[in-house]
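A quick write-up on the structure given underneath.
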Amino acid sequence: MNEEMMQQLTATAERLATAAESLDRVLGRLDAQQEALNAKVDRIVASVDEQEGAEPAESEATRQLQERVAELEKSNNDLRAQAARMARKTLPPMVSAILAKSGAETGEKLEKGVLDKTLQSLSVEQRIAVKAELARAGMIE
């Protein structure tokens with residue numbers, strides 16, 4: 001072989017050696033990145049495993065809180081019902097006067113026929129107003 005070919009082969013061999021070194025460095029970095037990713041995945045898996053192990057205690061706490069909320073809601077509903085029963089139900093003086101004239105007693109439920117007969121002398125607007133007040137006071141349905 002002639003000298004020119006030898007120089008070309010030497011230059012090519014040097015370039016191949018440089019390329020091989022570069023590939024070796026890149027592979028080293030890729031290996032390091034792969035190891036870092038594997039470590040992160042291992043930490044994530046460990047974290048998930050820990051959370052799964054802790055779930056029974058959390059579900060127990062959640063169940064207890066839900067039971068407590070249900071108790072409080074029941075208590076709240078009972079108190080509201082009690083307050084509704086104990087609420088003072090007063091009638092305006094005009095309605096009380098009309099009922100007194102007809103002989104109906106305030107505080108008791110009124111029958112529809114008696115109420116209609118009592119309110120017969122009033123105008124339609126007044127009848128509506130009186131019936132609305134009686135309904136609000138719980139004397140009619």
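The values are calculated or read from the model by the stated rules, or taken from the named source; none is laboratory data. Computed from a prediction, not measured in an experiment: that's the story for all the values here. With ligands, DNA and RNA removed, areas are computed over all heavy atoms of the protein, side chains included. Shrake-Rupley method; radii C 1.70, N 1.55, O 1.52, S 1.80 Å.
Points worth noting:
- Solvent-accessible surface ranking, highest first, for LYS40, LYS131, LYS117, LYS74 at 1.4 angstrom: LYS117, LYS74, LYS40, LYS131
- Segment 1-47: translational diffusion in µm²/s, Stokes-Einstein, Kirkwood Rh over Cα pairs, 25 °C, 0.890 mPa s: 181 µm²/s
- Between GLU125 and ASN77, the contour length at 0.36 nm per residue exceeds the Cα-Cα span by 13.7 nm.
- Accessible surface of ASP78 - all protein chains present, 1.4 Å probe, nearest 10 Å²: 80 Å²
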